[in-house]
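The structure under discussion appears below in the form of structure tokens.
The values are calculated or read from the model by the stated rules, or taken from the named source; none is laboratory data. Everything numeric in this text was worked out from a predicted model, so none of it was measured. Reconstructed Cβ throughout: ideal geometry from the backbone, glycine too, with neighbour counts over all protein chains shown. SASA here: full protein model, heavy atoms, side chains in, ligands and nucleic acids out. Shrake-Rupley method; radii C 1.70, N 1.55, O 1.52, S 1.80 Å.
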Amino acid sequence: MNKNELLRELQELDFAIQEAVLFLDTHPRSEVALSYYRYVTGLRRKAAEEYNRVCGPLTSRDSRGRRWDWVNSPWPWEREG
Amino acid sequence: MWIYEKKLQYPVNIQKPDPAMAKLIITQLGGSDGEKGASDRYLNQRYAMPYPEIRALLTDIGTEEMAHEEMIATMVYQLLKGCSAQQIKAANAADYYVDHTAGVYPQGANGMPYTTAYIQSKGDPITDLSEDLAAEQKARTTYENLMRLAKDPEVYGPLLFLRQREIVHFQRFGEALDFVRKDLDCRNFYRYNPAFDR
């Protein structure tokens, strides 16, 4: 996947997680929602690792390079979301 | 605390500047029913909320509202980007330009700066959740009003996404209000304030 596809995948997974989280807040005993939450957070962990590797740090705690790349990777308003 | 993720919740990629539309859309950042008011409202209401499920909900929705502020600010930035002073004036946005150039300033469509007078944090779960339900509906109406004016699909798409979030949040706050009512004396919800009276 290219940078844009990796970003889109991460946005889709984070959207799925956000929906599961809000639903679980008001339905904390829903087994179905909890297993969906576990499924999408598992996919998200892999997607975020790949994103950090290819696109640069997602957060200021994800910088892995020899140089401080947090300041260089584009800000979300500078490129396609 | 919060940790910033260097991405938007939903893609915003507006190629065609439109200062007139920027001046209208900014109302969902700093206007009376905008996203800044939403996040301020929910994140401040959390402290007096006596139910852990609803403390979580206010935290998670309040946090999502901050991501919506960023989307709206991005739309305003991209709609103003690359315009000359003359182009901005021709779009009837010179009043915004003289105060803020092409910067992003949280204000309403009427030019009123953002104020916490738009929100309430009453320290009563029924009152606060009723306020939150109304806030989500007011924001939905505002998005629909903007969508009727948005011709460009690159502007319309993010507005459509944000409008849908208002509906989901309304649903979740409604469930929270039901939860509070079931917990209280069903013959008189108002007998005492579970956030204050012991």
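At-a-glance table
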read-out: Complex-versus-alone comparison for the stretch B:1-40, residues with a loss of 20 Å² or more in accessible area, probe 1.4 Å; value: B:I3, B:Y4, B:E5, B:K6, B:K7, B:L8, B:Q9, B:P11, B:N13
read-out: Choice from A:E12, A:E50, A:E31 showing the highest fluctuation, given a GNM over chain A with Cα pairs closer than 10 Å; value: A:E31
read-out: Heavy-atom accessible area ranking, 1.4 Å probe, most first, across B:L149, B:L79; value: B:L149, B:L79
read-out: Per-residue HN-Hα couplings for the stretch B:28-37 [Karplus 6.51, -1.76, 1.60; θ = phi - 60°; Hz; x = Gly/Pro]; value: 7, 8, x, x, 4, 10, x, 6, 5, x
read-out: Chain A: relative contact order as a whole-number percent, Cα under 8 Å and 6+ apart; value: 26
read-out: Rg/Rh (Cα only; Kirkwood hydrodynamic radius) as it applies to the stretch A:3-62; value: 1.06
read-out: Degrees between helix A:31-55 axis and first principal axis of chain A (Cα, 0 to 90, nearest 10); value: 0
read-out: B:K151, B:K138, B:K36, reordered so the largest accessible area comes first (probe 1.4 Å); value: B:K151, B:K138, B:K36
read-out: A:E12 versus A:W70: modelled label distance in nm, points set 7 Å from Cα along the beta carbon direction; value: 3.0
read-out: Karplus-derived 3J(HN,Hα), 6.51/-1.76/1.60, for each residue of the stretch B:65-76, Hz, glycine and proline x; value: 4, 5, 5, 6, 4, 5, 5, 5, 4, 5, 4, 4
read-out: Average Cα contact separation per residue, the stretch B:1-159, under 8 Å, 6 or more apart, as relative contact order %; value: 36
read-out: In the protein assembly as shown, lysine pairs with alpha-carbon atoms under 21 angstrom apart (chain gap of 8 or more, or interchain); value: 24
read-out: Solvent-accessible ranking of A:R66, A:R61, largest area first, probe 1.4 Å; value: A:R66, A:R61
read-out: Chain A: most fluctuating residue of A:D62, A:D14, A:D25 per GNM, C-alpha cutoff 10 Å; value: A:D25
read-out: Amide N of the stretch A:1-24 lying under 14 Å from the label point, which is placed 7 angstrom from the Cα of A:R53 along Cα→Cβ; value: A:1-3, A:6
read-out: GNM result for chain A, Cα springs below 10 Å: residue of A:G42, A:G65, A:G56 fluctuating most strongly; value: A:G65
read-out: Chains A and B, summed buried accessible surface - 1.4 Å probe, Å², nearest 100; value: 2500
read-out: Rounded percent of accessible protein surface that carbon and sulfur make up, the protein assembly as shown, 1.4 Å probe; value: 53
read-out: Centre separation in Å (Cα based) which lies between the stretch A:43-80 and the stretch B:113-141; value: 35
